[in-house]
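Engineer: There's a structure below that I have some questions on.
The values are calculated or read from the model by the stated rules, or taken from the named source; none is laboratory data. What you see is a predicted model; the values in this text were computed from it and never measured. Note that we place each Cβ from the backbone using ideal geometry, even for glycine, and neighbour counts take in every protein chain shown.
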């Protein structure tokens, strides 16, 4: 059963990468600068060049435009299908490029940035939410928090909070890492403690690895 759930987690991860690539490849022409310029040139041709020349040149150009649109309608499904096939190979490469599976654990080759928060002493004790999206329900995650080096950031304290109603304790231990089950709302929190007064501090959260659901 454990192997089955790991396989499902791997498939879930691969499908998300594959779908994102398909959408990016298919929508790429919409965001291409040359394509936008060609479209604007066509509109300018119809309005400012052909219209003053009379009905016959305009009618001929509109006929060609209709034929081009029909050809595009036939080509679009093939274009999407080819993108889906190519995306399958790209998704496999990206899955290997991002990290490696060891048993039920997927470890990233480099920390994956999740959130950035700027805090001051006025934020002491406040909960700063962040989401981890795209993982299967029931997964576990390994997180770390980093404080960007600043003038007085040696005095800031940070810890993870797994849920809103979790008590906050400040003791001699630093809790800059957390291994926890992913909540149903995919939301965790950080909280900070700074001297007053002090300069703003930048807090960054990174995802190091995640575990496939155990049950």
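Engineer: When you go through 137, 192, 187 one by one, which is the residue that is modelled with pLDDT under 95 and under 30 Å from residue 7 (Cβ atoms)? Don't jump to the end; show me each part of the working.
Structural biologist: Working: 192 fails: under 30 Å from residue 7 (Cβ atoms); 187 fails: modelled with pLDDT under 95.
Result: 137 is the single residue among 137, 192, 187 that is modelled with pLDDT under 95 and under 30 Å from residue 7 (Cβ atoms).
Engineer: Can you spot a residue in the stretch 140-160 that is under 19 Å from the mean Cα position of the chain (by Cα), surrounded by fewer than 17 Cβ atoms within 10 Å (Cβ to Cβ) and either closer than 28 Å to residue 100 by Cβ or not assigned by TED's automatic domain parsing to the domain that holds residue 14 (or both)?
Structural biologist: Yes; the residues of the stretch 140-160 include at least one that is under 19 Å from the mean Cα position of the chain (by Cα), surrounded by fewer than 17 Cβ atoms within 10 Å (Cβ to Cβ) and either closer than 28 Å to residue 100 by Cβ or not assigned by TED's automatic domain parsing to the domain that holds residue 14 (or both).
Engineer: May I pose another question? Have a look at 86, 158, 118 and point out the one that is part of a helix (DSSP H, G or I) and at pLDDT 90 or above.
Structural biologist: So the residue among 86, 158, 118 that is part of a helix (DSSP H, G or I) and at pLDDT 90 or above is 86.
Engineer: Give the stretch 184-199 a look and list any residue that's within 27 Å of residue 133 (Cβ to Cβ) and surrounded by 13 or more Cβ atoms within 10 Å (Cβ to Cβ), or say none. Walk me through how you get there before you give the answer.
Structural biologist: Applying the first criterion (within 27 Å of residue 133 (Cβ to Cβ)) to the stretch 184-199 yields 184-192.
186, 187, 188, 189, 190, 191, 192 - these are the residues of the stretch 184-199 that are within 27 Å of residue 133 (Cβ to Cβ) and surrounded by 13 or more Cβ atoms within 10 Å (Cβ to Cβ).
Engineer: Which of the residues that make up the stretch 163-183 are in contact (Cβ under 8 Å) with a residue 40 or more places away in the chain and surrounded by 16 or more Cβ atoms within 10 Å (Cβ to Cβ)?
Structural biologist: Going residue by residue through the stretch 163-183, those that are in contact (Cβ under 8 Å) with a residue 40 or more places away in the chain are 168, 180-182.
Answer for the stretch 163-183, where residues must be in contact (Cβ under 8 Å) with a residue 40 or more places away in the chain and surrounded by 16 or more Cβ atoms within 10 Å (Cβ to Cβ): just 182.
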